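First the structure, in the form of structure tokens, and then the observations on it.
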Amino acid sequence: MDSVVQLQKQLVDYIASLFHEGFLDEQFNQLQQLQDESNPDFVVEVVSLFFEDSERLLNELAKALEQKTIDFRKVDAHVHQFKGSSSSIGAHRVQKVCIAFRNYCEEQNVEGCLKCLQQVKHEYSLVRNKLETLFQLEKQIIAAGGSLPAT
Amino acid sequence: MERNVFVSRRRIDGFDVSPSDSAEAHVLAVDDSLVDRKFIEQLLKISSFKVTAVDSGRRALQFLGLDEEKSSSVGFDGLKVDLIITDYCMPGMTGYELLKKIKESSNFREIPVVIMSSENVIARIDRCLEEGAEDFFVKPVKLSDVKRLKDYMMREVRFGTTNSGGTNKRKLQESCDLTSSEPSISSLSSSSSDSPSRSPISPSSAPSSIPTPLDSPVRRLKMTNTGGLI
């Protein structure tokens, strides 16, 4: 019983830190509010879709930027999608990089784009790790017989 | 005698009783993004809507039974669509193009359409509203936005889109259907849909003879986004 309480506190603190450090924003709260008894895995499901989608987009971006003649409109289209999905789940830092990325696309600035690609990959892997840790914590709490703290 | 074709259970209920129950209302959501589709679907479900989510304007039209050229006959039964919510930026057919197609169709023009977009561009918002969209949500869409959707459905009921005419219906009859006594759906062919008839019946167009309440979402939206100008 004690450990459940400890885990719950750990979870609350962890989520708070993610918000504090800007990894997540208010939109993530919205996601959590949409989870209920009839859809108990909603957050995990939608975030998993985000992971899948992001991997695909990162591949497409890498390919597009490797071309001899870069099609900036195509690159921009991918970044636009990435910006959209990261915004929908509250992945704040990823979204911010996407905004800068789009500006470079508009300027047709190759170096800027390559730099942003690295940055967005980095931010994505960071938030992915954080979210996976978060889900792990939640699983532990449930396995220990506890319930998830209300958001 | 009740006609199944345009009087759904919900509308009978909504017409006679307090219109607070949208449990039967069916929303068609259109978005090419997998993540957003999942998200909007959940937003709608948790707000007690039935949802069908599709990934393109094309599929939305197919679902409605609205093929490109040929006019749809009575048989679009099954699940009636009470509202369409669509993303603006989509490959192939944009949300705006989908909106136009729906408003040009005599069978479907009365279905309220809401546009979503990540870009908060006034010109884009205005264009959509002028084309007959009920509202424009800036992404990411919030639960409070979705809760507003119920207003559009209720308003449709109040304005008498069921059988006996509200002013809404009479206008429609005058402009494009002089023969049938049924106001909307079923027997009208799409070739008889003329663009001028769109604006008079759309509650969202400002200069119509149907009074739009001052605090309607469309007005509110316009005021918020254009700084007071309508």
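Every number here is computed from the coordinates shown, using simple stated rules; none is lab data. Note that this is a predicted model, so its numbers are computed, not measured. Cβ: placed from backbone, ideal geometry, glycine included. Neighbour counts: every protein chain shown.
Placing +1 at every Lys and Arg Cβ and -1 at every Asp and Glu Cβ, with all other atoms neutral, what dipole size does the stretch A:1-41 have around its Cα centre, in debye to the nearest 20?
120
Just to confirm my numbers, what's the Cα centroid distance between the stretch A:1-58 and the stretch B:110-157 in Å?
Answer, in whole Å: 28.
Can you run phi through the Karplus equation (6.51, -1.76, 1.60; θ = phi - 60°) for the stretch A:137-143 and list ³J(HN,Hα) in whole Hz, with x for Gly and Pro?
4, 4, 4, 4, 4, 5, 5
Non-local amide H neighbours of B:ASP135 (under 5 Å, H modeled in plane, Pro and chain starts lacking H): which ones?
Answer set, sorted by chain and number: B:ILE115.
Quick check on my link table: of B:LYS103/B:LYS150; A:LYS83/B:LYS103; A:LYS68/A:LYS130, which ones sit more than 28 Å apart, alpha carbon to alpha carbon?
Numbers: B:LYS103/B:LYS150 20 Å; A:LYS83/B:LYS103 30 Å; A:LYS68/A:LYS130 36 Å.
Over 28 Å apart, Cα to Cα: A:LYS83/B:LYS103; A:LYS68/A:LYS130.
Output ³J(HN,Hα) for the stretch A:114-131: one whole-Hz value per residue in order, computed from phi by the Karplus curve 6.51 cos²θ - 1.76 cosθ + 1.60 with θ = phi - 60°, and x for Gly and Pro.
With the stated coefficients, the stretch A:114-131 comes to 5, 4, 5, 4, 4, 4, 5, 4, 4, 5, 4, 5, 4, 5, 5, 4, 4, 5 Hz.
What's the exposure ranking of B:SER48, B:SER106, B:SER118, A:SER88, going from fewest to most Cβ atoms within 10 Å?
Going from least to most buried by this count: B:SER48, B:SER118, B:SER106, A:SER88.
Can you tell me the orientation of helix A:92-107 relative to chain A, as the angle in degrees between its alpha-carbon axis and the longest Cα principal axis, to the nearest 10?
10
What pairs in A:LYS96/B:LYS147; A:LYS96/B:LYS45; A:LYS74/B:LYS142; B:LYS45/B:LYS139; A:LYS139/B:LYS142 have C-alpha atoms more than 25 Å from each other?
Values: A:LYS96/B:LYS147 29 Å; A:LYS96/B:LYS45 30 Å; A:LYS74/B:LYS142 29 Å; B:LYS45/B:LYS139 18 Å; A:LYS139/B:LYS142 27 Å.
The pairs that break the limit, which is 25 Å between Cα atoms, are A:LYS96/B:LYS147; A:LYS96/B:LYS45; A:LYS74/B:LYS142; A:LYS139/B:LYS142.
Once each part is reduced to its C-alpha centroid, what is the distance from the stretch A:111-151 to the stretch A:71-108 in angstrom?
19
For chain A, what is the convex hull volume of the alpha-carbon atoms per residue, in Å³?
97
Given H placed on each backbone N at 1.01 Å, which residues far from B:ALA29 in sequence or on other chains put an amide H within less than 5 Å of it?
B:THR52, B:ALA53, B:VAL54, B:ILE85
Can you tell me the relative contact order of the stretch A:1-141? Whole percent, Cα pairs under 8 Å, sequence separation 6 or more.
Computed value for the stretch A:1-141: 30 percent relative contact order.
With the dipole of chain A worked out from charges on the C-beta (+1 for Lys and Arg, -1 for Asp and Glu) around the Cα centre, which of A:VAL46, A:ASN109, A:GLN8 lies farthest toward the positive end?
About the Cα centre, the residue reaching furthest to the positive side is A:ASN109.
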